[in-house]
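> This is the structure, below, for whatever I ask next.
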Amino acid sequence: MERICLDNGLRVLLLPEEGALSAAVSLWVTAGSMWENDEQQGISHFLEHMAFKGTDRRTARQVSEEMDLLGGGMNAYTAREYTRYYAQTLAENAGQALDLLCDIVLNPRLDIADVELERGVILEEMSMYEDSGEEVAHDALCAAIWPGSPLGRPITGTRETVAALSADDLREYRRTHYAPGRMLAVAAGRFDREAVLEQLEKGPGALPPAAPPAAPEPPVYRPAFVLRQKDFEQTTLELAMPGLPRGDERRYAMMLFNFIVGGGASSRLFQRVREELGMAYSVYSANEAYAGTGLFTVTALTSPDQQGEVLREIRAVLDGFAAGVSREEFDRALAQVKASYILGMETVEARASYYGRGQLFGDRENDPARVLEKLDALTPADVDALAAEILRPEAYSLAVAGVAREAAFYDSWHSTGRS
C-alpha cells in the first residue's frame with residue numbers, strides 16, 4: 001500500500017498486487033446529499049448521472065463503447081457523504097480505464113438537452129424507490145429523526161428540487177465540491193504505477209487547489225413515529241435507535257451485535273420471526289455510521305394483518321438481550337463476521353472499495369490483520385455492554401410504510417413523536 005498526496009491536495013492510494021489479472025480504479029469525491037442546501041437536494045446524485053452523458057472528448061456512446069473495448073465495466077453511486085466513480089478492467093488496460101474515468105468526472109459536458117433528458121430518468125428512478133416499502137420507510141424515518149439536517153434527506157432529492165435544478169446549478173456545485181482536496185484516487189490490482197501517476201497528474205492533479213466548504217454539523221437524534229400509507233402487498237416496519245458513529249472503537253462489538261440481532265440466518269430475529277413463526281419473509285438489522293452520529297435499525301416486511309404480532313416479537317427479541325448473549329452465539333457470530341470480512345476482501349474491486357473508504361475518512365486502522373486482532377479481543381461482555389446502550393426503548397423510533405393501521409395502534413411500539 002502506498003499513500004501519496006499531490007501538490008494540489010489530491011490524495012492517491014495505490015494497492016498493487018503482482019500476479020493479478022485485473023485492475024480497479026476509482027475516484028471518490030466528498031460530495032453527497034449531506035453537503036447540499038435546501039435548494040440543492042439531489043444535486044450530487046444528478047451530477048453523478050450526468051458524468052455518463054458525454055464529455056468534451058467523448059459522446060455518451062463513445063464512453064460506453066470504449067469501456068467495453070477495454071474489457072471491463074464502469075459505474076458510480078452517490079451516498080450521503082460522498083460520490084464514487086469506479087471501473088474494473090483487464091490489468092493491461094488500467095491506464096486507459098483511468099483516463100476514461102478521469103474524463104467523465106472532470107469534464108462532463110452538462111449539455112442542456114442532456115440535463116433535461118436525464119432529469120426524466122432520475123424522476124423515474126424516484127418512482128421506483130417510491131414503490132419500495134423499505135426505501136419509503138427508511139427515507140421517512142431519517143427525515144423525522146434528523147429534522148432539518150441534510151443527513152435526513154433522500155439522496156435522490158425531492159421531485160420539486162430535481163425539477164428546478166439547471167445545468168448552471170450543476171456547474172456551480174462542481175466548482176465548489178469537485179476540488180482536489182476533496183478527492184481521492186485509488187488504483188488496485190496490477191497496473192503501471194508511473195502510468196497511473198502520470199494520468200492523475202494531468203487529470204485531477206492539475207486542478208487548482210481550493211478551500212473546502214465547512215462540514216455540516218452532526219444532527220441530533222429525535223425519537224419519531226412516521227406513517228406512510230401505501231398500497232403495497234406487504235407492510236414495512238422499521239424500528240430505529242441511535243447507533244455508533246463512524247470511527248467509534250466499539251464498532252467491532254457492533255459487528256457481532258448486529259449479526260446476533262438480525263445480520264444472519266442464525267440471528268435471533270431471523271430464527272424467531274421468520275423460521276419459528278413464519279411471519280415475515282425478510283427481517284434484518286443494520287448499523288449506519290456517519291461522522292458524529294449513527295443509526296441502528298431493525299426492518300421487517302410482513303402482511304398488513306400481522307403487523308402487531310411482528311412488532312411484539314421484535315420487541316421481545318430486543319428485550320431478551322437484557323439477559324446477555326450466550327458464549328455459543330457469540331462464538332458463532334465471531335466466526336461468521338470474520339469469515340464475511342475475509343471473503344469480502346477476495347477481489348481487487350472489493351479491496352479498492354474497502355481501503356478507499358477508509359482512506360477517504362482517515363481510518364488508519366483498517367488493516368485486515370488489525371481488524372481481525374480487534375475482533376478476536378472481544379468478549380461477550382463487550383457485546384452485552386453495547387446492547388445495553390443501544391437498546392433503550394425510550395429512544396426507539398418507528399416507521400410504517402404500506403397498508404397501515406390507525407396511528408394509535410402503534411403507540412406502544414415507539415417512544416414518542418408523530419409525523
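The values are calculated or read from the model by the stated rules, or taken from the named source; none is laboratory data. A quick note: this is a predicted structure, and the numbers were derived from the prediction, not measured. Here Cβ is always computed from backbone atoms with ideal geometry, including for glycine, and neighbour counts include all displayed protein chains. For accessibility, only protein heavy atoms count, side chains too; no ligands or nucleic acids. Shrake-Rupley method; radii C 1.70, N 1.55, O 1.52, S 1.80 Å.
> Look at Gly292 and say whether it is at positive phi, touching a residue at least 24 places away in the same chain (Cβ under 8 Å) and open to solvent by 40 Å² or more (accessible area, probe 1.4 Å).
Considered against the rule, which asks whether it is at positive phi, touching a residue at least 24 places away in the same chain (Cβ under 8 Å) and open to solvent by 40 Å² or more (accessible area, probe 1.4 Å), Gly292 comes out as yes.
> Return the residue satisfying two criteria in turn: it lies in the stretch 365-391 and is at pLDDT below 95 and either closer than 17 Å to His138 by Cα or not in a helix (DSSP H, G or I) (or both), and of such residues it is most open to solvent (accessible area, probe 1.4 Å).
So the residue we want is Asp367.
> Residue under question is Gly19, and the condition is that it be on the phi > 0 side of the Ramachandran plot, touching a Gly at 6+ places or on another chain (Cβ under 6 Å) and not in a strand (DSSP E or B); does it hold?
Judged against the criteria, Gly19 is not a match.
> Restricting attention to the stretch 149-164, report how many residues are touching a residue at least 60 places away in the same chain (Cβ under 8 Å) and open to solvent by 10 Å² or more (accessible area, probe 1.4 Å).
Qualifying residue count for the region: 9.
> Scan the stretch 331-354 residue by residue and report those that are open to solvent by less than 30 Å² (accessible area, probe 1.4 Å) and closer than 23 Å to Arg84 by Cβ.
Within the stretch 331-354, the first condition is being open to solvent by less than 30 Å² (accessible area, probe 1.4 Å), and the residues that meet it are 333-334, 337, 345, 348, 350, 352-353.
Within the stretch 331-354, Met345, Val348, Ala350, Ala352, Ser353 meet the criteria.
> Moving on to the next point. Out of everything in the stretch 224-247 that is open to solvent by less than 30 Å² (accessible area, probe 1.4 Å) and in a loop (DSSP other than H, G, I, E, B), what residue ends up being farthest from Asp382 (Cα to Cα)?
The extreme case among them is Ala224.
> So which pairs qualify, if the first residue must be in the stretch 391-409 and farther than 16 Å from Ile314 by Cα and touching a residue at least 40 places away in the same chain (Cβ under 8 Å), the second must be in a loop (DSSP other than H, G, I, E, B) and open to solvent by 50 Å² or more (accessible area, probe 1.4 Å), the Cβ gap must be under 6 Å, and the two must be at least 6 apart or on different chains?
Correct list of pairs: Ala401/Lys230; Gly402/Lys230.
> I would also like to ask the following. From Phe232, Phe257, Phe225, grab the single residue that is of a type in the set (Phe, Trp, Tyr) and closer than 30 Å to Ala333 by Cα.
Of the residues listed, the single one that is of a type in the set (Phe, Trp, Tyr) and closer than 30 Å to Ala333 by Cα is Phe257.
> Right, another one. Consider Leu360 carefully, then state whether it is in contact with a Ser or Thr (Cβ under 9 Å, 6 or more places away or on another chain), free of Cβ contacts under 8 Å to residues at least 60 places away in the same chain, buried (at least 19 other Cβ atoms within 10 Å of the Cβ) and not aromatic (Phe, Trp, Tyr).
Details: in contact with a Ser or Thr (Cβ under 9 Å, 6 or more places away or on another chain): yes; free of Cβ contacts under 8 Å to residues at least 60 places away in the same chain: no; buried (at least 19 other Cβ atoms within 10 Å of the Cβ): yes; not aromatic (Phe, Trp, Tyr): yes.
For Leu360, the condition - in contact with a Ser or Thr (Cβ under 9 Å, 6 or more places away or on another chain), free of Cβ contacts under 8 Å to residues at least 60 places away in the same chain, buried (at least 19 other Cβ atoms within 10 Å of the Cβ) and not aromatic (Phe, Trp, Tyr) - is not met.
> Okay, moving on. How many residues, within the stretch 320-340, are in contact (Cβ under 8 Å) with a residue 40 or more places away in the chain and assigned to a helix (DSSP H, G or I)?
In the first step, residues of the stretch 320-340 are kept if they are in contact (Cβ under 8 Å) with a residue 40 or more places away in the chain; the result is 320-322, 324-327, 329-330, 332-334, 336-337.
Then keep just the ones that are assigned to a helix (DSSP H, G or I); that gives 320-322, 327, 329-330, 332-334, 336-337.
Qualifying residue count, the stretch 320-340: 11.
> Related question: If I filter the stretch 266-283 for residues that are closer than 29 Å to Pro219 by Cα, modelled with pLDDT under 95 and either in contact with a helix residue (DSSP H, G or I) (Cβ under 6 Å, 6 or more places away or on another chain) or surrounded by 16 or more Cβ atoms within 10 Å (Cβ to Cβ) (or both), do I get at least one hit?
No: zero hits.
> Within the stretch 248-265, how many residues are small (Gly, Ala, Ser), open to solvent by 40 Å² or more (accessible area, probe 1.4 Å) and within 20 Å of the chain's Cα centre (by Cα)?
Number of matching residues: 1.
> Can you tell me which residue within the stretch 310-330, out of those that are open to solvent by 70 Å² or more (accessible area, probe 1.4 Å) and among the acidic types (Asp, Glu), is nearest to Leu239 (Cα to Cα)? Break it down into steps so the answer makes sense when it comes.
Initial filter on the stretch 310-330 (open to solvent by 70 Å² or more (accessible area, probe 1.4 Å)): 312, 319, 322-323, 327-328.
From the residues that got through so far, the ones that are among the acidic types (Asp, Glu) too are 319, 328.
Numbers: Asp319: 13, Glu328: 27 Å.
For the stretch 310-330, the residue satisfying everything is Asp319.
> So in the stretch 109-128, with the set limited to residues that are surrounded by 18 or more Cβ atoms within 10 Å (Cβ to Cβ) and among the β-branched types (Val, Ile, Thr), which one is farthest from Leu165 (Cα to Cα)?
Checking each candidate, the answer is Ile122.
> Pick out the one residue from Leu69, Leu100 that is crowded, with 21+ Cβ neighbours inside 10 Å and free of Cβ contacts under 8 Å to residues at least 60 places away in the same chain.
Leu100
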